[in-house]
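Working notes, beginning with the structure itself.
Read the figures in this text as sums done on the coordinates, not as results from a lab. Quantities reported herein were computed from a predicted structural model and do not represent experimental measurements. Every residue, glycine among them, receives a Cβ derived from its backbone with ideal geometry; neighbour counts consider all protein chains shown.
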Amino acid sequence: MASDAPIPRQQLMRWQVCRSWARLIREAEALWHVDVPSLRRLAAGELGLLLQEVPPLLRGRVNRWLAGFGVRTRLSPCQLERQAIKKPAGEAGGESYE
């Protein structure tokens, strides 16, 4: 029973990390819509950095949060996710990216 404890904790941590990335992206996107040119430049730079820094294997989950937050920004899936999506069920090698 003690060996089961790390899995829920890891799932919770992954959930929190994905939500945090999405919240940061949402805030940067919100700044993009402000009419102050200096804030728009800042938002564009921050948004660009955030999009590069999100770990590839978390992008699908972060995209779900972004959709839930109603923002327009979406992350492109990583190469491993694209390969897993193209393979029929049961051929993904038993690995789960979510």
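Of all residues in the stretch 40-78, those being of a type in the set (D, E, K, R) and surrounded by fewer than 16 Cβ atoms within 10 Å (Cβ to Cβ) number 6. Looking across the stretch 26-39 at every residue that is aliphatic (A, V, I, L, M) and assigned to a loop (DSSP other than H, G, I, E, B), the one that is surrounded by the fewest Cβ atoms within 10 Å (Cβ to Cβ) is identified as Val36. Among the residues making up the stretch 6-19, those that are closer than 14 Å to Arg59 by Cβ and not charged (D, E, K, R) are Val17, Cys18. Being surrounded by fewer than 16 Cβ atoms within 10 Å (Cβ to Cβ) and not in a helix (DSSP H, G or I) is not true of Val17.
Say whether the condition of being among the polar types (S, T, N, Q) and under 16 Å from Thr73 (Cα atoms) is met by at least one residue in the stretch 23-41. There is no residue in the stretch 23-41 that is among the polar types (S, T, N, Q) and under 16 Å from Thr73 (Cα atoms).
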